[in-house]
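Worksheet: one structure, shown below.
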Amino acid sequence: MIRRFLSALVSVLCACAFSVAPGRADETPEEINQKAYALSREAQKAALAGDDRSAYDKFTEAAGLYGAIAERFPDWNGPAIAVAKAQAENAAAALGEKLFRLPEGSLALRPELSREGKRYAQGEALVPKVMKEGEDRYEIGGFRVELLRSGPLLGAVCDCPDFKYRGSKYHYACQHIWAVVLKEQLLD
């Protein structure tokens, strides 16, 4: 369990390191673009060779470089940079799905998570009662929700009986998880 936690922590730190706008201040957008393109090509080669972790890291770094171009040079080839960034992010996300796992019993928070039913409506009503206890810990009406991160994956667990006995088994969010998701705008 500790090994899994440490592995996930290292992965999150690596992802955070690549999310900072990289590149020297004196680099031109052309130079940054060339680096990002070269990283994307290396990532594709690594993926073809079966080195998914290296490919994931390189796609993530390339996406960060493309993001730096978009941020620092918004008027430079915007549409093409947006497409290249999205492609690198999608490739990294697909590899991340293969490489990383959330702990058993947790709910993967994904955009396609169903927003129908009473639990979603009850979660909307509970949003004002969400109290943040730590970086990824929340308290809502006496129950605790914890967000879990593993690489690009985001999950959640709640200690309420609804999630503990039904939600984790059938993969749906309880009202408390919905309250946190909506308050933090995690699926927008």
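Listed values, structure above:
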item: Unmet requirement for residue 149, which otherwise passes all of (1) in a strand (DSSP E or B); (2) free of Cβ contacts under 8 Å to residues at least 24 places away in the same chain; (3) among the charged types (D, E, K, R); result: (2)
item: Residue 24, sole failed condition from (1) modelled with pLDDT of 95 or more; (2) of a type in the set (Lys, Arg); (3) more than 26 Å from residue 154 (Cα to Cα); result: (1)
item: Positions within segment 152-188 being in contact with a helix residue (DSSP H, G or I) (Cβ under 9 Å, 6 or more places away or on another chain) and in a strand (DSSP E or B), in sequence order; result: 153, 156, 157, 158
item: Condition met for residue 113 (in a loop (DSSP other than H, G, I, E, B) and aliphatic (A, V, I, L, M)); result: yes
item: Qualifying positions in segment 79-122 - among the aliphatic types (A, V, I, L, M), closer than 28 Å to residue 39 by Cβ and either touching an Asp or Glu at 6+ places or on another chain (Cβ under 8 Å) or without any contact (Cβ under 8 Å) to a residue 12 or more places away in the chain (or both); result: 80, 83, 86, 94, 95, 99
item: Members of segment 123-145 that are among the acidic types (Asp, Glu) and without any contact (Cβ under 8 Å) to a residue 12 or more places away in the chain; result: 133, 135, 139
item: Any hit, segment 172-183, residues being of a type in the set (S, T, N, Q), over 30 Å from residue 53 (Cα atoms), surrounded by 16 or more Cβ atoms within 10 Å (Cβ to Cβ) and not assigned by TED's automatic domain parsing to the domain that holds residue 65; result: yes
item: Boolean, residue 120 is among the aromatic types (Phe, Trp, Tyr) and not in a strand (DSSP E or B); result: yes
item: Residue in segment 123-131 that is farther than 14 Å from residue 181 by Cβ, outside the structural domain of residue 37 (by TED's automatic domain parsing) and part of a loop (DSSP other than H, G, I, E, B) present; result: no
item: Test: residue in segment 108-119 that is small (Gly, Ala, Ser), more than 28 Å from residue 63 (Cβ to Cβ) and surrounded by fewer than 15 Cβ atoms within 10 Å (Cβ to Cβ); result: yes
item: Flag if residue 93 is in a helix (DSSP H, G or I), among the aliphatic types (A, V, I, L, M), assigned by TED's automatic domain parsing to the domain that holds residue 51 and under 14 Å from the mean Cα position of the chain (by Cα); result: yes
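The values are calculated or read from the model by the stated rules, or taken from the named source; none is laboratory data. Source: prediction; values computed, not measured. Note that we place each Cβ from the backbone using ideal geometry, even for glycine, and neighbour counts take in every protein chain shown.
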